Amino acid sequence: MRFGCAWYPEQWDESRWPEDLRLMRDAGMNVVRVAEFAWSRLEPEEGRYDLDWLERAVDLAGRHGLSVVLGTPTAAPPAWMTHRYPDTLLVRDDGRPATHGNRCHFSPTSARYRDFCRQIAEQMAQRLGGNPHVIGWQIDNEYNAVSYDEDTRLKFHDFLKARYETLDALNARWTTAYWSQTYDDWAQIPLPVGSHHPALMLEFRRFLTRVYIDYQRVQIDAIRQHSDRFITHNFMGWFDLFDHYAVAKDLDFASWDSYGERGHVDYVKNGAAHDVVRGFAGKNFWVMETQPGAVNWSAINNAPNRGELKTMAWHAIGHGADAILYWQWRSAPSGQEQYHGTVVGPDGAPRPVYGEIQELGRELARCADHLAATSIVADCAVVHSYEDRWALNFQRHHQDFDPVAHLGSFYRALRSDLSAVDIVPPSSVLSQYRLVVAPHLHILDDATALRFDAYVRAGGHLVLGPRSGMKDHDSALLPSRQPGPLSAALGAHVEEYYALQSSVGLEPAGEARIWAEWLAVDVEGTEIILRYGASNGWLDGQPAVVTRRHGSGRITYVGAWLDDATMKRLAKQWIAESGIPSVAVPEGVELCRRVGPRGDVFICINHTPHPKTVELAVPVRDLLSGQTCRGQVALAGYGVAVLVAV
Ligand code: GLA
């Protein structure tokens, strides 16, 4: 386990560094991330590099027992560059260039900018890539910049040309006869600003994915020539500007920055965010940043309660995190983030949370051997695709149809009965799961449908949610009723869909809200699980959830956004039928399982400030308290137990 913080030696007099590092080590930390915004100190003038200070900081960290992750500073280009080369500056969607000084003010498509990035990454890697204290690299920081400059527009045209080859093909696939959007010159195609043609918007997201793959690759290639240490990037959880699966392919593993806006996290929501990040590269991940106190960017920057930091950290570990790093060690005296929570105060002395962090450091050390080489193994997967999310968000049809919240309604029900759930892209190997739930498989091509069909035939249980099988890869409506190529397997189709103004009752019990689809059964053998009660006349008495045996497996279609209790009831049934062992913990308590060579490690977390008791079938030892528990584990408010078999 790695445990540490973001440290900015460039902001402090060197005489202070030893004291910072001593305090970190005393807190049990073993890693620091440095340099990810330090470009103006690393290259004070064009082509003049100063890496001496960074090398001294890295070596000093190493002498204090701390390993180093080097961040490339490319999220914050220096003023000399943006001033001399305005073409490297980001242009906003209203056509105005960004002003210097708020970071991320660069155009990720600019060839000149990428060249500057390559050079600084190369300089850092040459100098420090083989340094014994450097364990890895973070490329840039939280990719999010989009530039609407002319060069980007031309590159978007090149991207479209490569995909469609001819304008005739593009015009046909986008039905551009609609609203006179027919293009007879590639140069006529705009960058989408605000709401626009859904195919154009979808392609722009695919283009941005390509932009970030290429942008990142320039730096990876530069580093790889001189360094064999891991390379990662700190993503932003559910952020959907680009396809994270595609961008993470070139990384050794994914990292993310996990923050709770108002000081507390909804642990199910945040657990899903950990799981989605674990899915980016399909393996354990790092929490590269998390808060040691309040954030500074929320409406009310409430701090986590006493004891809560530890539950947040163990929660991340329970979902597959191999590292927890606090952002940040100490506030810069000036600048935009003076109010953000830190580990030490403006006087350089520990803040009240330091003791809690120190205790966590001790706990991690105590569990390190047991956690080594452990990972999350799940029998149930929730399918998540950026393309589906983009397409749904472009045309929600009901303002509240937020695809992430919709996915969450399935995830919440499943996770409360399971010790692990994977969140994976539709392209992943389905046969490793006994239960696959696709909350909205909106864009569905024939090849993907065939894979899902084969999964069911071979014995899997596939659950599809509303809005599945509606569009093709070009965002065109399929010339069939939902779920399109999977309706034959289901033996049912969607007769009509409705955005709901108010909830609709379900028979025998439950409620549909936001969205309801009237399902029609096509063959004998398709069972109706739920029907709509009285509603708009159209839905009254019609099937809302149906299921059918298909080959050796089962396919189920949920045609509505269900209330939590109904979803939970159905999820319990799917889990039981799939033969997946379920867990029983009290409300507010979470049980996570990491599987490894020394056996399973169960992390049991009380997310509430109240004491809770968990019933156990077998005796276990709590690595944190050292006690053996028979029959029960008692958890204090925000308490955690890390359990292994005795
Ligand atoms: C992000 C950034 C950090 C810092 C934090 C503050 O995650 O990566 O540099 O600004 O937010 O919460």
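The values are calculated or read from the model by the stated rules, or taken from the named source; none is laboratory data. What you see is a predicted model, and the numbers here were worked out from it, not measured in a lab. Methodologically, a virtual Cβ is constructed for each residue, glycine included, from the backbone with ideal geometry; neighbour enumeration extends over all protein chains shown. These accessible areas exclude ligands, DNA and RNA; they are computed on the full protein's heavy atoms, side chains included. Shrake-Rupley method; radii C 1.70, N 1.55, O 1.52, S 1.80 Å.
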Cα-based equivalent ellipsoid of region 317-380: semi-axis lengths in Å, sorted from largest, via gyration tensor: 31, 16, 8
Per residue accessible area in Å² of region 380-577, where ligands, DNA and RNA are left out and the probe is 1.4 Å: 37
Other-chain or far-sequence residues with amide H under 5 Å of Ser67's (modelled H): Val31, Val32
Stretchable slack from Glu14 to Asp522, in nm (0.36 nm times residue separation minus alpha-carbon distance): 175.4 nm
Over region 589-645, relative contact order from alpha-carbon pairs under 8 Å, at least 6 apart, %: 39
Rough spin-label spacing in nm, given labels placed 7 Å along Cα→Cβ, for Ala565 and Thr166: 6.0
Chain lengthening between Ala246 and Ala634 when straightened (0.36 nm per residue, less Cα-Cα): 135.4 nm
Interchain or long-range residues, amide H under 5 Å from Glu496's placed H: Trp518
DSSP H segments from the chain that extend 27 Å or more along their own axis, Cα-based, with Kyte-Doolittle mean of 0.5 or above: none
Protection proxy ranking of 408-418, 43-53 - average other beta-carbon atoms within 10 Å, highest first: 408-418, 43-53
Over the chain, equivalent-ellipsoid semi-axes from the Cα gyration tensor in Å: 42, 35, 20
Residues in region 115-147 reached by a label modelled at Arg63 [backbone nitrogen below 18 Å; 7 Å Cα→Cβ]: 131-134
Inter-site label distance for Glu495 and Asn305 at 7 Å from Cα along Cβ, in nm: 5.0
Amide H within-cut-off set for Ala323, under 5 Å, with H built and near neighbours excluded: Arg2, Val287
Segment Arg22-Gln336, length gained on full extension (0.36 nm per residue, minus Cα span): 110.3 nm
FRET E, pair Ala576, Arg366, Förster distance 41 Å, beta-carbon r, rounded to 0.05: 0.65
Net charge over other residues, Cβ less than 15 angstrom from the Cβ of Gly459 (K, R count +1; D, E count -1): +3
Candidate lysines - alpha carbon under 29 Å from Lys572, same-chain residues fewer than 8 apart omitted: Lys269, Lys283, Lys612
Accessible-area composition of the chain, carbon plus sulfur, in percent [1.4 Å probe]: 49
